[in-house]
Amino acid sequence: MNSFRGGNRCFEGVYIAKGKADALVTKNLVPGDNVYGEKRIETVSEDGEKTEYRIWNIFRSKLGAAITNGISTMPIKPGSKVLYLGAANGTTVSHVSDIVGPEGCVYAVEFSHRSGRDLTNLAKKRSNIIPIIEDARMPWKYRMIITMVDVIFSDVAQPDQSRIVALNASYFLKTQGYYLISIKASCVDSTISPEQVYASEIDTLKKQKCKTLEQLSLEPYHRDHSIILGRYRMPSKSKNA
């Protein structure tokens with residue numbers, strides 16, 4: 001395990017480790033353990049206290065790439081309750097687990113039973129992860145497990161992903177809560193340009209009371225991907241009398 005003297009905070013719970021090549025890192029919720037072969041580094045304070053961090057591989061994480069590319073707001077923070085759709089085997093989920101910490105919670109939904117086994121094993125070490133092996137198209141199947149959440153993150157790579165997010169938001173997302181959607185243009189419609197795909201998805205979300213705040217390309221880390229950041233059920237602006 002490498003060590004470094006310090007870093008700059010990027011967002012709450014997310015840091016930049018300075019070195020020959022800067023790296024995005026999160027404070028390891030389970031010191032001494034890694035999840036997907038990532039490197040671990042540590043700091044030592046003046047009084048000798050050690051803190052361990054995990055390097056975030058942004059080539060394997062849409063959320064990590066969005067932070068690296070300069071997303072304006074990071075709604076996932078210490079103490080947040082997050083619904084993660086398309087959790088796969090838990091690579092990004094593990095970093096979200098680091099960020100929200102012991103006071104937060106990650107409800108990780110994954111349809112694949114093979115990936116679900118990895119996710120379940122991850123949750124055995126990280127008590128703030130609740131694995132849910134279900135289809136994100138059917139949120140009523142897991143409505144008894146999830147409380148209202150602050151943020152929905154989605155990476156399900158389905159043509160109707162925006163509809164899936166809006167449906168889950170209607171069940172679980174707090175009013176004015178945030179959503180982050182990773183969209184691969186070719187998964188939605190390969191016959192039109194990526195820009196047209198993103199515009200269409202933003203329009204679909206708007207019809208479901210989801211207001212887009214930002215659209216950000218994930219190039220060069222993820223080809224033909226963008227992330228959409230928005231908020232749910234924003235109050236309408238009152239008109240002056």
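A few notes on this one:
- The set of residues in the range 92-122 being surrounded by fewer than 19 Cβ atoms within 10 Å (Cβ to Cβ) and assigned to a helix (DSSP H, G or I) consists of His113, Arg114, Ser115, Arg117, Thr120, Asn121.
- Which listed residue is of a type outside the set (Val, Ile, Thr), more than 23 Å from Asn128 (Cα to Cα), out of contact with any helix residue (DSSP H, G or I) (no Cβ under 9 Å at 6 or more places or on another chain) and not assigned by TED's automatic domain parsing to the domain that holds His222, from Glu42, Glu49: Glu49
- Members of the range 204-237 that are free of Cβ contacts under 8 Å to residues at least 60 places away in the same chain, touching a helix residue (DSSP H, G or I) at 6+ places or on another chain (Cβ under 9 Å) and hydroxyl-bearing (Ser, Thr, Tyr): Thr204, Thr212, Ser226
- The range 184-219 - residue that is among the basic types (Lys, Arg) and within 22 Å of the chain's Cα centre (by Cα) and, of those, modelled with the lowest pLDDT: Lys184
- When restricted to residues that are touching a Lys or Arg at 6+ places or on another chain (Cβ under 6 Å) and either surrounded by fewer than 16 Cβ atoms within 10 Å (Cβ to Cβ) or basic (Lys, Arg) (or both), the range 144-156 contains 1.
- Hits in the range 114-154 (condition: hydroxyl-bearing (Ser, Thr, Tyr) and in contact with a strand residue (DSSP E or B) (Cβ under 8 Å, 6 or more places away or on another chain)): Thr120, Tyr142, Thr147, Ser154
- Qualifying positions in the range 188-203 - surrounded by 17 or more Cβ atoms within 10 Å (Cβ to Cβ) and either touching a residue at least 24 places away in the same chain (Cβ under 8 Å) or assigned by TED's automatic domain parsing to the domain that holds Leu24 (or both): Val188, Pro194, Tyr198, Glu201, Ile202
- Filter result for Ser226 (among the hydroxyl-bearing types (Ser, Thr, Tyr), surrounded by fewer than 17 Cβ atoms within 10 Å (Cβ to Cβ) and modelled with pLDDT under 95): no
Residue-wise test of (1) polar (S, T, N, Q); (2) under 22 Å from Ile71 (Cβ atoms); (3) surrounded by 14 or more Cβ atoms within 10 Å (Cβ to Cβ).
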{"site": "Ala21", "(1), (2), (3)": "no, yes, no"}
{"site": "Asn34", "(1), (2), (3)": "yes, no, yes"}
{"site": "Gly37", "(1), (2), (3)": "no, no, no"}
{"site": "Val44", "(1), (2), (3)": "no, no, no"}
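The values are calculated or read from the model by the stated rules, or taken from the named source; none is laboratory data. Bear in mind that the values here come from a model prediction, so they are computed numbers and not experimental data. In this analysis, Cβ positions are derived from the backbone assuming ideal geometry, glycine residues included, and neighbour counts consider all displayed protein chains.
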